[in-house]
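See structure below.
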């Protein structure tokens, strides 16, 4: 596969959905070189830009978002040949449950994200706090995190080769972790049933674990987190002491080859049901078919529903 390199980029402050961008501009915005963009189109069919009469490629904002998603998956270790299937499955999962406002909100999300980028670039916590509150007053929790906040966080995570960019990501990551933990603690006080959520070994970012806990929690269900680095072989001991309704293991990284076998041994040692959440659930689902282990997926609108179906015994595994 051709090489690509991430570069410092500036996204247009208020982009218009009808705008089309030439390949050089897409390369500047995403850090993916034109040779790689053409390969993703020709060899793998991952993006389908329109063409001018003279044959030049033009990319929409949706195409640019797709490029960023592809890059994020490759950064997580997924082979480019497998990314198309993952993106197709993700789009299918989102379609049935997409609320009415999604059709008009995409442009608004771009504007919110542009404002967030400016606040982060200025290290302005007060402005960031105000934006955070305004976004939460406008959209449901799943939309706030998965469609507004986390895309900016992921973009900053992938773009740390320029002076000051690591500081920007750390500033935003620290801010979001604090707010997510605060919300999770408030939700924990309401739920009657209790679920344990732990990261699989090797999962590196606490924020994604916190957000998953928030998405799974609700007025009927409290979610307690085990810290990053929780020993895998000690999970049965922890569950024996806490006695949760279920243990959910989370990761947004590709599964190791040995994971199905490890999970099979773990489920035999547990006194509670076991489920997977995050992108690992999407990638390991086929290998876990026919086992008692549930795959909740990674879509914020579907995960909590599937968890409750699983706890009620109505989710096929």
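Listed values, structure above:
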{"quantity": "Degrees separating the helix 259-269 axis from the principal Cα axis of the chain, which is the longest one", "calculated": "20"}
{"quantity": "Cα→Cβ-extended label distance, 7 Å offset, between residue 44 and residue 265, nm", "calculated": "3.3"}
{"quantity": "Tensor-based shape of the stretch 102-182 (alpha-carbon gyration tensor, a/c under 1.5 rounded, otherwise prolate or oblate)", "calculated": "prolate"}
{"quantity": "Ranked by how many other beta carbons lie within 10 Å on average, peptides 48-58, 194-204 from highest", "calculated": "194-204, 48-58"}
{"quantity": "Helix 125-138 vs. the chain, principal-axis angle (Cα, 0 to 90°, nearest 10)", "calculated": "80"}
{"quantity": "Cα gyration tensor shape of the stretch 21-94, rounded if a/c is under 1.5, else prolate or oblate by comparing a/b with b/c", "calculated": "prolate"}
{"quantity": "D (Stokes-Einstein, µm²/s), Kirkwood Cα radius, the stretch 192-311, 1.306 mPa s at 10 °C", "calculated": "113"}
{"quantity": "Fully extended contour minus Cα-Cα distance, from residue 241 to residue 127, at 0.36 nm per residue", "calculated": "36.7 nm"}
{"quantity": "DSSP-defined beta bridges in the chain - what % are antiparallel, rounded to 5", "calculated": "25"}
{"quantity": "Nearest-0.05 FRET efficiency for residue 88 and residue 51, computed from C-beta distance (R0 35 Å)", "calculated": "0.95"}
{"quantity": "Relative contact order (percent, whole number), the stretch 21-94, Cα cutoff 8 Å, 6+ residue spacing", "calculated": "28"}
{"quantity": "Over the chain, relative contact order from alpha-carbon pairs under 8 Å, at least 6 apart, %", "calculated": "13"}
{"quantity": "Stretch gain in nm, segment residue 286-residue 137, where the contour uses 0.36 nm per residue and the Cα spacing is subtracted", "calculated": "49.8 nm"}
{"quantity": "Shape of the stretch 184-232, Cα gyration tensor, a/c cut at 1.5", "calculated": "prolate"}
{"quantity": "Centre separation in Å (Cα based) which lies between the stretch 148-162 and the stretch 258-317", "calculated": "29"}
{"quantity": "Relative contact order computed over the stretch 192-311 (Cα-Cα under 8 Å; 6+ residues apart), in percent", "calculated": "26"}
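Throughout, read-outs are computed from the coordinates displayed, never taken from laboratory work. Everything numeric in this text was worked out from a predicted model, so none of it was measured. Cβ atoms come from the backbone with ideal geometry, glycine included; neighbour counts cover every protein chain shown.
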